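Single-structure report; data block below.
The values are calculated or read from the model by the stated rules, or taken from the named source; none is laboratory data. Because the structure is predicted, anything quoted here is derived from the model rather than measured. Here the Cβ positions follow ideal geometry from the backbone for every residue, glycine too, while neighbour counts run over all protein chains shown. Surface areas here come from the heavy atoms of the whole protein model, side chains and all, with no ligands, DNA or RNA. Shrake-Rupley method; radii C 1.70, N 1.55, O 1.52, S 1.80 Å.
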Amino acid sequence: MGWYPWNEFGQEPQNEKLIREMVEALVSSGLKDAGYTYIGPDEGICFSRNSSGKLTPNLKRYPSGLRGLGDYIHRKGLKYALYTDAGTHTCSKAMPGTKNHEFDDMMAFAEWRADYLKVDWCNTQGQDVARTYTTLRDALHAAGRPIVFSLCSWGEGEPWKWAASVGNLWRTTGDICSPGKADWHNAMKIVTANEKLYQAAGPGHWNDPDMMIAGMDGLSEAQNRSFFSLWCMMAAPLMAGNDLRRITTSTARILTNLEAIAINQDPLGIQGHIVRRKGQVEIWGGKRLFDGSQAVLVFNQGATPAQVQVAWPDIGVAEATMLYVRDLWTHRTTGPHTGGIFTTVAPNDVAFLRISRTSAFPVPPVIVADTYLVSLRAARPGPEKLSAAVTVETKGSAELALWRVWPELPSWLSAAVTRDGKRQTFTNTVSTAGLKKGHYHAVVRADNIEPVSRKPMSALYYDVDLEVAQGCAGN
Ligand code: GLA
């Protein structure tokens, strides 16, 4: 989950000011608190290659440098997304691609502390898709930073067949719109193509039907709601693409609906699909959730309201089963029902339902941190003890077990975790005894278990920087 500039802005006016304004808006609009985390420039003319082959940031557009922008994003408790291309150049040819520079370039992204890297497929004549992205994966591993790897070959090379062990997400189709021009019709074509690939999706390897257009000019509230529900149902990456500085209350309410996000972020990671069509109405199912419930989406593409029956056999349940139904947009629970339910759906609108044997509808963990960067400075000459905290909260229903910090920390750093309900605090303690003057860096990583399904959760991590201004005596 995050925000990316391309759908709204294209290349212009991407620059540091825009990204910073969007970071502020991501926080103030409530999107950060709903789990949107990754943010940064897309093809934003961020860097060039110098005469010795090294990537160097474009300081005119990004005066803090690309590491500086990343630090700013991390300090806000967000993760840093960057973009490049697998060929000779990016699509507009305004930036160099990684061809023949794979290992050095991935090292540069790791040094800039990217957490997410989208790699486009322009200007790749003669390159094999699977081989190229596999080399880039190896280069990312060699660079040593945990970076979400987003493949963007627009479905070329059918990545859903081989990329689960290569990347974390892969675009399944062409672009959802031209910059600034939300295109509902094209979005629906993308849904049709992406829906068919449901078997390829799973935790850590997702079909990506592109960044979202919800909230862009030209879509109605019903279309925004339907679009978002479809992306949630398809377990699609939720990269918002609208201008967050002028987000409306209605769009913010849609994009931050935690009950819908719970379907998208479900730990089982199943992509739903169409189980039944009745005229212009689709019933989507096949999305079992971590607590034993399931999600069902009724989508009316017709021009008139539709009265639709969701019969239990349509969703794989015996007719006599007693089930509660939660409407994820009205936030009301009814039931228990047997046989099925009737619902009326307006044109271009949806009924987004969660169906369960119990009336509890738990939200899985959605992790929000106050910062992902700790910076400490030891100014005095002798040994010093310093400490700084990182607070991590789950917006899910259940408290989490204590996060377990990975043991491989440098000798100058320790991290201890304490819990206060859904919030946990990582206290980072630094001891400068024996350290020379200089800069030190470590990545603290931690694991957890989702408490309802008992499935392992993705590792959490943050950066710790230490500056030792004078060093200890004798150093
Ligand atoms: C391709 C990608 C888009 C965007 C542009 C940038 O078209 O599919 O998402 O990154 O390149 O040029």
Within segment 69-98, can you find the residues that are open to solvent by 10 Å² or more (accessible area, probe 1.4 Å), within 16 Å of the ligand (Cβ to nearest atom) and assigned to a loop (DSSP other than H, G, I, E, B)?
Thr88, Cys91, Ser92, Lys93, Ala94
I need a count of the residues in segment 131-159 that are in contact with a Lys or Arg (Cβ under 8 Å, 6 or more places away or on another chain), within 12 Å of the ligand (Cβ to nearest atom) and not in a strand (DSSP E or B).
3
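In segment 370-388, what residues are in a strand (DSSP E or B), open to solvent by 20 Å² or more (accessible area, probe 1.4 Å) and under 17 Å from His439 (Cβ atoms)? Steps first, answer last, please.
Initially, segment 370-388 is screened for residues in a strand (DSSP E or B), giving 373-378, 385-388.
Next, from what is left, pick out any that are open to solvent by 20 Å² or more (accessible area, probe 1.4 Å): 375-377, 385-388.
Passing the criteria: Ser375, Leu376, Arg377, Leu386, Ala388.
Kindly indicate whether Thr432 is open to solvent by less than 20 Å² (accessible area, probe 1.4 Å), farther than 26 Å from Ala114 by Cβ and more than 26 Å from the chain's Cα centre (by Cα). Outline the logic, then answer.
Details: open to solvent by less than 20 Å² (accessible area, probe 1.4 Å): yes; farther than 26 Å from Ala114 by Cβ: yes; more than 26 Å from the chain's Cα centre (by Cα): yes.
Yes.
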Considering residues of segment 160-206 that are in contact with a helix residue (DSSP H, G or I) (Cβ under 7 Å, 6 or more places away or on another chain), within 16 Å of the ligand (Cβ to nearest atom) and not aliphatic (A, V, I, L, M) only, the residue nearest to Ala459 (Cα to Cα):
Gly167
Residues (assigned to a helix (DSSP H, G or I) and free of Cβ contacts under 8 Å to residues at least 60 places away in the same chain) located in segment 212-263
Glu221, Asn224, Phe227, Phe228, Trp231, Arg246, Thr249, Ser250, Thr251, Arg253, Ile254
Flag for Pro336 being out of contact with any helix residue (DSSP H, G or I) (no Cβ under 8 Å at 6 or more places or on another chain) and assigned to a helix (DSSP H, G or I)
no
Within segment 274-300, the residues that are assigned to a loop (DSSP other than H, G, I, E, B) and surrounded by 15 or more Cβ atoms within 10 Å (Cβ to Cβ) are Leu289, Phe290, Asp291, Ser293
Kindly provide the set of residues from segment 177-211 that are in a strand (DSSP E or B) and of a type in the set (Lys, Arg), ordered by number.
Lys181
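Yes or no, residue by residue, for (1) away from the ligand (no atom under 14 Å from the Cβ); (2) outside any loop (DSSP other than H, G, I, E, B); (3) open to solvent by 10 Å² or more (accessible area, probe 1.4 Å); (4) over 18 Å from Lys60 (Cα atoms):
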site	(1), (2), (3), (4)
Glu12	no, no, yes, no
Lys17	yes, yes, yes, no
Val23	yes, yes, no, yes
Asp33	yes, yes, yes, yes
Asp42	no, no, no, no
